Amino acid sequence: MPGLELFGSSTPANGASTIVDIPQAHAAPVTSTEDKREQEVASIPRNPTAPAPYYNPRFDPKNFLEGPLSWNPATRLRQMLARPGIVVAPGICDGISARCALEAGFDCLYQSGAATTASRLGQPDLAIATLNDFVQSAQMVCSLDPTVPVIADADTGFGGPAMVARTVTQYARAGVAALHIEDQVQTKRCGHLLGKQVVSREEFLTRIRAAVIARDSIPGGSDFVIIGRTDSAQVLGMEEAITRLKLAADAGADVCFIEGVRSAELLTATIEALSPKPVLVNVISGGLTPSFTTQEAEALGAKIIIFSLVSCVAAVHGIRAAMQSLKKTGTDFTSARGMDPKAFFEVMGLSEVIKLDAQAGGKAFEVV
């Protein structure tokens with residue numbers, strides 16, 4: 001299969017297992033907070049029997065430093081990652097929130113798994129949404145402005161290696177620029193809920209390898225970005241989380257995503273340990289991670305910041321207030337705040353549709 005040649009041999013020369021044991025609970029005692037942090041982010045020695053790290057010279061960041069931003073969203077995202085500045089991606093949950101984000105001037109969007117599950121199914125983020133739910137949502141979002149990169153949650157990849165590969169190809173065909181694959185078990189949950197369980201290192205790496213091989217098998221040479229996400233920090237500790245992300249980077253992940261990092265110090269240490277690999281941080285108000293501003297996250301060294309539930313939570317507040325007002329007063333006049341139907345449709349792209357119709361010689365929308 002195309003793409004396999006970019007990996008080293010997966011069979012160790014001496015036949016030994018390539019799985020790295022998880023650190024045991026009886027590790028050496030820690031004498032201070034500073035010592036603990038240093039121990040957690042200590043350099044992880046490479047297993048001499050492990051496969052050679054993935055390397056594709058086409059994805060060298062130097063190749064994306066010069067020139068105008070590409071019309072291809074995946075290529076454009078790689079350019080944004082290679083150049084100065086943090087990539088800010090607000091979480092969107094539907095067409096309305098995506099339109100509002102574009103209107104506000106954001107140049108990257110994040111399709112949150114929790115938001116997709118909530119908006120499409122009215123359900124919590126507990127492994128209820130399927131691949132089809134995610135892909136159908138992505139097709140709509142990516143069509144609104146095909147040049148704006150969309151980073152999409154892909155949960156666990158929805159199955160084994162073959163299903164992970166199918167997920168990558170489906171997302172790429174939908175127009176998604178990047179996805180993240182995580183190491184939770186299949187019955188996963190939101191990364192900011194408690195009680196998470198994760199799979200073994202090797203199973204996580206199998207998911208990453210499958211994603212990379214699928215990307216590299218796309219005809220024509222795709223710039224699709226693979227993000228490796230670990231939820232192991234709350235389950236197995238920061239040292240294990242960083243180890244997993246280092247191994248994911250060796251397996252071909254372009255970006256590392258540590259979920260639920262609990263402090264600025266730990267985020268900084270993670271970024272330093274994974275350098276020069278770019279790191280993504282997920283901020284959810286009231287979640288496990290501090291509510292970093294974009295400026296704070298950039299100062300700490302993060303390259304991407306996503307605000308997963310910004311649109312969903314705002315929608316709940318706004319819609320709940322509107323419904324309560326309607327129930328109490330019998331009218332939606334107050335909640336509309338002067339926005340008439342035409343003004344609403346303008347946010348949804350009315351002018352663009354009218355312009356296209358007129359350019360094509362149509363007369364259906366001369367008056368609206």
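The values are calculated or read from the model by the stated rules, or taken from the named source; none is laboratory data. Bear in mind the structure is a predicted one, so any value in this text is a computation, not a measurement. Methodologically, a virtual Cβ is constructed for each residue, glycine included, from the backbone with ideal geometry; neighbour enumeration extends over all protein chains shown. Just so you know, the surface numbers come from the protein's heavy atoms only, side chains and all, with ligands and any DNA or RNA stripped out. Shrake-Rupley method; radii C 1.70, N 1.55, O 1.52, S 1.80 Å.
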Inset, instruction - Keeping all protein chains in place, calculate the accessible area per residue for the chain (probe 1.4 angstrom), answer in Å². - result: 49
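Just add up the charged neighbours of Val347: K/R +1, D/E -1, any other residue whose Cβ is under 14 Å from the Cβ of Val347.
Net charge in that neighbourhood comes out at -3.
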Legend entry - DSSP bridge pairs, the range 70-316: antiparallel proportion in percent, nearest 5: 5
Inset, instruction - Give the peptides 184-197, 334-347 in descending order of average Cβ contacts within 10 Å, highest first. - result: 184-197, 334-347
Inset, instruction - Starting at the first residue of the range 78-86, write each ³J(HN,Hα) from the Karplus equation 6.51 cos²θ - 1.76 cosθ + 1.60 with θ = phi - 60°, in whole Hz, x for Gly and Pro. - result: 4, 5, 5, 5, 7, 9, x, x, 8
Legend entry - Matching label, Rg and Dmax of the Cα atoms in Å computed from the structure shown, candidates [x] 20.4, 63; [y] 26.5, 113; [z] 22.1, 77: [z]
Legend entry - Peptide ranges 93-101, 53-61 listed from the most packed, as the mean C-beta count within 10 angstrom indicates: 93-101, 53-61
Legend entry - Local electrostatic count, Gly260, Cβ distance below 12 Å [Lys/Arg +1, Asp/Glu -1]: +1
Inset, instruction - Give the peptides 123-134, 202-213, 276-287 in descending order of average Cβ contacts within 10 Å, highest first. - result: 202-213, 276-287, 123-134
Inset, instruction - Please report, as a whole percent, how much of the solvent-accessible surface of the chain comes from carbon and sulfur atoms (probe radius 1.4 Å). - result: 58
Legend entry - 20 Å Cα-Cα reach of Lys188 towards lysines, excluding residues that sit fewer than 8 places from it in its own chain: Lys196
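Net charge near Thr116, counting Lys/Arg +1 and Asp/Glu -1 over other residues with Cβ under 13 Å of its Cβ?
Counting the neighbours of Thr116, the net charge comes to -4.
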Legend entry - Those lysines that a straight Cα-Cα span of less than 24 Å connects to Lys303, excepting residues fewer than 8 apart in one chain: Lys62, Lys246, Lys277
Inset, instruction - Any lysines with Cα under 22 Å of the Lys363 Cα? List them, leaving off those in the same chain fewer than 8 positions away. - result: Lys342, Lys355
Inset, instruction - Step through the residues of the range 303-314 one at a time and calculate ³J(HN,Hα) from phi using the Karplus curve (6.51 cos²θ - 1.76 cosθ + 1.60, θ = phi - 60°), rounding each to whole Hz and writing x for Gly and Pro. - result: 9, 10, 10, 10, 10, 4, 10, 4, 7, 4, 5, 4
